Amino acid sequence: MAALSSSEPHTGAKPNVVLTLLGQIARLREFFLVLLIVLIGIVLHLKTGHFITERNLTAIALGFSPLAFMAVGMTAALVSGGFDLSVGSVFALGGVVTAVALRDDMLFTALPIWLAMLLGIFAGVVAGFVNGLLITRAQINPFITTLGMMSIARGAGYAITEGSPIARLPKEFFKIGQGEINGLSNLIWIALVVLIIGDILMRRSALFRQIYYVGGNEDAARLSGINVDRVKLGVYTLSATLAALAGVLSASRFTVADPGAGVGYELQVIAACIIGGASLNGGKGTVLGALLGLIFVGFINNGMVQLRVPVYWQNLAMGVILLLAVGSDTLSQRLRSRPRARKAAEAELKPTA
């Protein structure tokens, strides 16, 4: 399980601390991704003349902050060996449920803001729990399960709103999404907190580290005493809950809950996670890598807008980036598996004494 190995072979020679540190940094995928992001930023700035400015970078961060919530849950899902296609629809459902609860003409009475927000987040908890149950108990493939939930959550949002966005929400609700701390949007601050906590838990928490064991080798994880079903149930519940939270906060920012919001978010988040080092085969991935992948995707999207690239070319470019990311992951998996397969074949052919 490559993601868990950190030890280096001891040679007996006195190590050069600086060279060792540089070597460890150079081996990190995140390091090269940072270099690539800086290079893209410089090129776009030279092309547009105003790409690397505080205003534009803040706009990029605000634009991908809802995706940052989903990236934490999607990283956990990918590391566990699955993925969650329903996050975009659950994102919209979370906002819709909160908005309905805030309108006294759509519910029996208008609920307090904090209770309405909890209700929206709870919609995500239910969606994720159902995903987890279907995957672990009914043994339904994550692709089919989350694809079905994507349609159910989207359909529920349209059914609740009868296809129309919900506006005329309390002004106090907007303070959460539109407020600022030290000149930076509350959404960016909350997204940063979620990302930091998610990264620390995935790296340091023994409970969350079980996700890597499950994704690396499910049978071995089960034999070592890990409750694989419980881990997967928790992963999918976490993923949908964070997606619903992002939807609630986005409704607060835009002052409206749209059942059609979040279309295509799942592909952007999956692409960002894989660009950041997560693998569709499970066992690999970090929240930091997913964040860098989001920045990469955000730079590309913003750069195309700045360069006035037509929107249909932007969609095409995102599709190509996703295919390249998945293709590079598949290629690297094959290259890594070749030496192991060759050694196994040589061991079988070696005559026994």
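By how many degrees, between 0 and 90 and to the nearest 10, does the Cα long axis of helix 17-27 differ from the longest principal axis of the chain?
Value to nearest ten degrees: 60.
So how tilted is helix 87-102 from the main axis of the chain? Cα-based, degrees 0 to 90, rounded to 10.
Once rounded, one gets 30 degrees.
Find the all-direction average of the projected area of the Cα convex hull for segment 173-281, expressing the result in square nanometres with one decimal place.
8.5
State the label only: which of (i) 17.5; (ii) 23.2; (iii) 25.2 corresponds to mean projected area of the Cα convex hull in nm² computed from the shown model?
(ii)
Of the candidates N302, N131, N141, which one comes out as most mobile in a Gaussian network treatment of the chain with C-alpha springs shorter than 10 Å?
Looking only at N302, N131, N141, the largest GNM fluctuation is found for N141.
Could the peptides 213-225, 272-284, 104-116, 255-267 be put in order, highest first, of the mean number of other beta-carbon atoms found within 10 Å of their residues?
Result, highest mean first: 272-284, 255-267, 213-225, 104-116.
Just to confirm the number: angle between the C-alpha axis of helix 311-349 and the first principal axis of the chain, 0 to 90 degrees, nearest 10?
That helix lies at roughly 30 degrees to the long axis.
Assuming 0.36 nm per residue, please report the length gained on full extension of the stretch R168 to D105 beyond their Cα-Cα distance.
21.6 nm
How much accessible area per residue does the chain have, counting only protein heavy atoms and a probe of 1.4 Å, in square angstrom?
53
Pick from N186, N56, N301: which is most flexible by mean-square fluctuation in a GNM of the chain where alpha carbon atoms under 10 Å apart are linked?
The residue that fluctuates most here is N56.
Testing the spin-label approximation: label points 7 Å from Cα along Cα→Cβ at Y312 and Q178. State their distance in nm.
That separation, rounded to one decimal, is 3.6 nm.
For the chain, set up a GNM with springs between Cα atoms under 10 Å and report which of A99, A244, A71 has the largest fluctuation.
For the chain, modelled as a Gaussian network with Cα springs under 10 Å, the answer is A99.
Got a number for carbon plus sulfur as a percent of the chain's accessible area, 1.4 Å probe?
65
The values are calculated or read from the model by the stated rules, or taken from the named source; none is laboratory data. From a predicted model like this one, the values you see are computed outputs, not experimental measurements. For neighbour counting, all protein chains shown are included, and Cβ atoms are generated from backbone atoms with ideal geometry for every residue, glycine included. The accessibility values were calculated without ligands, DNA or RNA, using every heavy atom of the protein model including side chains. Shrake-Rupley method; radii C 1.70, N 1.55, O 1.52, S 1.80 Å.
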